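The values are calculated or read from the model by the stated rules, or taken from the named source; none is laboratory data. Just so we're clear, the structure is a prediction, and the values are computed from it rather than from any experiment. Heads up, the Cβs are rebuilt from the backbone with ideal geometry, glycines too, and the neighbour counts pull from every protein chain shown.
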Amino acid sequence: METVGCQQDQANRRRSARDKRTSTTGTRSAVEIHEERKEDEKIVSFRRHWENCYGKVYGCSFEDTTIVPPMCHTFELFSRNAIPDNGFQIFSIKVDQLKKEEGLQWPLQIYGLIAVRDYIDPRRNLLFHCSRDNCQTITEEDPFMLLTGPSRAVVILDPISFEVQLKVKGQTESEDKVLVFDVFTTQHGVSYGGHYWHPPHTYTSYLRGKRSDLVFTFAVLGQSVEATICVEVVHGSWPEETPVRIAASTASIPHADVVLLDSRDARVPINDSGVIMLSRKAVSVELSGELKVEVKVQHFGEVVKACVFAPKKSTTSCKLGITVGWSLFDPITPGTTPEQHLPFF
């Protein structure tokens, strides 16, 4: 209970600081302060429940991120506990129904975090994480968030929780507005028909916020494995000012893809080894299915190249500069340290 009291004190201090700034600037109404306090309390309540269930058992804090990396079992010939499982594929998160009467206008400069917690590890697996100084611009024409995770594939056996703390940047920090502060939990995987003998479907969940909604599009892929994707420039160098869109999809849901990188008008991030630095790299694919990785380049017209991979339980596959590391799933146990869950090489 000391931890919960400390959390409440921290929330109170944040509120007092905001109230003090408001009294100085006069830019926020009493109604806005009251609404923000209510949204804070949702996160505090979720945190209290999480600390009681997992904090002491796993020896971790609420803010800790997952200690399970991708490719945990890629280079193991045999793993006793690792198995194919119900992969929870998150395709996109979209800002929808922006409430302009609340003082927001397109485009939005968004910062904060979206995290998911599953039975593999109760710690945060970040889907989106931007600081105020490095916020992301969302437009009315393209309201989809550029996700930066998950860092490893998500599995749904028990219900999984989404934690959302998003703000819109104002001219000054005191003028920032809460976009969505909330938590929601999915149903069990079987509720979505995540059986390997049924074809999967895409589903949509709506998180209603005070100033906008968030639209989550996802699917449950039964008997799936984790695919960690790496794309490399094999010959020559990347042309200057040439945008690229790299996406992954499965044969079972060809109409929905996971955007691994969309440089739009920005410079393509490439390291010194020629590896393209993807925003996302871990996806799920059915063991009996296919993984398609597509690279779309705008260079004197549109150029599209694609590779199709047959999933494996372990090892890697490589075609035309695209490497995929395959891995099964294995939940951690209380007391597991990060060093104990490093990939085996």
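Quick notes on this one:
- Any hit, region 300-313, residues being under 19 Å from T74 (Cα atoms), in contact with a Gly (Cβ under 7 Å, 6 or more places away or on another chain) and in contact (Cβ under 8 Å) with a residue 60 or more places away in the chain: yes
- Residues located in region 298-312, provided they are at pLDDT 95 or above and not in a strand (DSSP E or B): A310, P311, K312
- Residues of region 276-297 satisfying the condition of being part of a loop (DSSP other than H, G, I, E, B) and either small (G, A, S) or over 26 Å from T66 (Cα atoms) (or both): S279, S288, G289, E290
- Within the option set R124, R152, being closer than 19 Å to I43 by Cβ, crowded, with 21+ Cβ neighbours inside 10 Å, assigned by TED's automatic domain parsing to the domain that holds D262 and basic (K, R) holds for one residue only, R124.
- For region 80-122, residues that are more than 20 Å from K313 (Cα to Cα) and in a strand (DSSP E or B) total 20.
- Test set (1) surrounded by fewer than 19 Cβ atoms within 10 Å (Cβ to Cβ); (2) more than 19 Å from D40 (Cα to Cα) - E175 fails condition number: (2)
- S212 more than 16 Å from the chain's Cα centre (by Cα) and more than 20 Å from D96 (Cβ to Cβ): no
- Given (1) modelled with pLDDT of 95 or more; (2) assigned to a loop (DSSP other than H, G, I, E, B), number of the condition E163 does not satisfy: (2)
- Whichever residue in region 224-248 is of a type in the set (D, E) and closer than 30 Å to D330 by Cα and, among such residues, is surrounded by the most Cβ atoms within 10 Å (Cβ to Cβ): E226
- Sole residue being more than 23 Å from H201 (Cα to Cα) and either free of Cβ contacts under 8 Å to residues at least 40 places away in the same chain or touching a Leu at 6+ places or on another chain (Cβ under 6 Å) (or both), chosen from I276, I270: I270
- Qualifying residue in region 35-55 (condition: part of a helix (DSSP H, G or I), assigned by TED's automatic domain parsing to the domain that holds T186 and surrounded by 15 or more Cβ atoms within 10 Å (Cβ to Cβ)): no
To keep it simple, each residue is scored yes or no on (1) farther than 28 Å from A219 by Cα; (2) crowded, with 17+ Cβ neighbours inside 10 Å; (3) at pLDDT 95 or above.
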{"position": "I253", "(1), (2), (3)": "no, yes, yes"}
{"position": "A266", "(1), (2), (3)": "yes, no, no"}
{"position": "A282", "(1), (2), (3)": "no, yes, yes"}
{"position": "L287", "(1), (2), (3)": "no, yes, yes"}
{"position": "E290", "(1), (2), (3)": "no, no, yes"}
{"position": "V324", "(1), (2), (3)": "no, yes, yes"}
{"position": "T333", "(1), (2), (3)": "no, no, no"}
{"position": "F344", "(1), (2), (3)": "yes, no, no"}
